Amino acid sequence: MTDVWSYKDKRVVIAGCFSGMGEACARELVRLGAEVHGVDIKKSPVDLATFTQLDLRDIPAIEQAVASIGGAVDAVFNCAGLPQTFPATDVVGVNFVAIRYWTEQWIPRIRDGGAIVTVASNSAMNYQARLALLKEFIAIDTPDGALAWIADHLADVGDGYGFSKEALLVWTQMRSVDLIQRGIRINATLPSPTATPMMKDFESLTGKRILDLFALPSGRQSTAEEQAWPLIFLNSAAAGFISGACLPVDCAFTGGVNTGLIDVGKLVAAARANGDHPSK
Ligand SMILES: NC(=O)c1ccc[n+]([C@@H]2O[C@H](COP(=O)([O-])OP(=O)(O)OC[C@H]3O[C@@H](n4cnc5c(N)ncnc54)[C@H](O)[C@@H]3O)[C@@H](O)[C@H]2O)c1
């Protein structure tokens, strides 16, 4: 009988395997017996089957990286991302446009029963408030066209982070409808604040005390591993009937917000009134 939890002999690719959640995924997948191929702008510290240096801002290089890894794959893990300390065009360019293009390059190579998972963010949980705009953006299916749209809509895009993650959630759900006809699943996660190298960027912008409000009610940041394990589950055969899911990995934050038990807007306003600001 097939072991639905097993990654033994599965061939997987990971975008963003240098640090944080992607590195944690890579380490655990190697331990589980997968053949792991990784790409990142910086060399991964994990002992992978292959590592390919790739700057996801370089769209033609994405195709070359996919061709050089080559072959068929069982699972695609999208963990690369940029915080909003970078220019908005780079943030949306990497977090959505490049991740989408990289994934689309892999889709013809994904074996029947294979799966894709992408890390979004709990900062994207209100995506439905601007669904029409996000769908307008997602309807542009070329990287050049999408980058031109971003340049024309900088006021909508803002700092790029929330917009890019909202776009990932909408694209994941829309793409799931077609892909399941080919036997491919696609899902996303919405992590709460996580102790990875990106955290210092978030803290420099938002301030630790305000960021900590997004770590309620558990009162702590997750570890990279606590984010990696659900990603590995979603791409395993054990999640064989899960597709188009946007899974909060936030230890009850979404539950609290959805039921009105946690009112982040009110808490942030109170913290600001109390003199909290990004330097704290
Ligand atoms: N840390 C958090 O609190 C948090 C919360 C929600 C969502 N996320 C998301 O989780 C994902 C993983 O981030 P993390 O927290 O592990 O941080 P991280 O900085 O450790 O990981 C990001 C990875 O992306 C790679 N990367 C960045 N720019 C790249 C480029 N141009 N080309 C190729 N690779 C590039 C980095 O080298 C790194 O390996 C990101 O998409 C991030 O937006 C993080």
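Any read-out appearing in this document is the output of simple, stated calculations on the displayed coordinates, not a laboratory observation. Computed from a predicted structure; not experimentally measured. Ideal geometry is used to build each Cβ from the backbone, glycine not excepted, and the neighbour counts take in all protein chains shown.
Data overview
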| quantity | calculated |
| --- | --- |
| FRET efficiency, Asp201 to Ala67 (Cβ-Cβ, R0 30 Å, nearest 0.05) | 0.40 |
| 3J(HN,Hα) from dihedral phi, segment 49-66, Karplus parametrisation 6.51/-1.76/1.60, rounded to Hz, x for glycine, proline | 4, 8, 10, 10, 6, 8, 9, 5, 6, 9, 4, x, 5, 5, 4, 4, 5, 5 |
| ³J(HN,Hα) computed for each position of segment 16-24 - Karplus, 6.51 cos²θ - 1.76 cosθ + 1.60, integer Hz, glycine/proline x | x, 9, 6, 8, x, 4, x, 5, 4 |
| Label-point gap, in nm, between Gln53 and Ile140 - each point 7 angstrom along Cα→Cβ | 3.1 nm |
| Compactness relative to 2.2 N^0.38 Å, alpha carbon Rg of segment 98-233 | 1.14 |
| Restraint check, Lys43/Lys200; Lys42/Lys208; Lys208/Lys266; Lys10/Lys200, Cα-Cα greater than 24 Å | Lys42/Lys208; Lys10/Lys200 |
| Residue-span extension gain [Leu261 to Arg111] - 0.36 nm each, minus C-alpha spacing | 49.7 nm |
| Cα-derived Rg over Rh, computed across the chain with Rh taken as Kirkwood radius | 0.96 |
| Nearest-ten-degree value, helix 161-179 long axis tilted from longest Cα axis of the chain | 40 degrees |
| Gaussian network model of the chain, springs between alpha carbon atoms under 10 Å - residue of Lys208, Lys42, Lys266 with greatest fluctuation | Lys266 |
| In Hz, Karplus ³J(HN,Hα) per residue of segment 248-265 (6.51, -1.76, 1.60; θ = phi - 60°; x = Gly, Pro) | x, 10, 9, 6, 5, 4, 4, x, x, 5, 5, 9, x, 6, 10, 10, 4, x |
| Cα Rg over Rh - segment 135-174, Kirkwood | 0.94 |
| Alpha-carbon centroids, segment 69-100 and segment 226-251: separation in whole Å | 18 Å |
| Cα coordinate range in segment 1-127, projected on the principal axes (Å, largest first) | 48, 33, 29 |
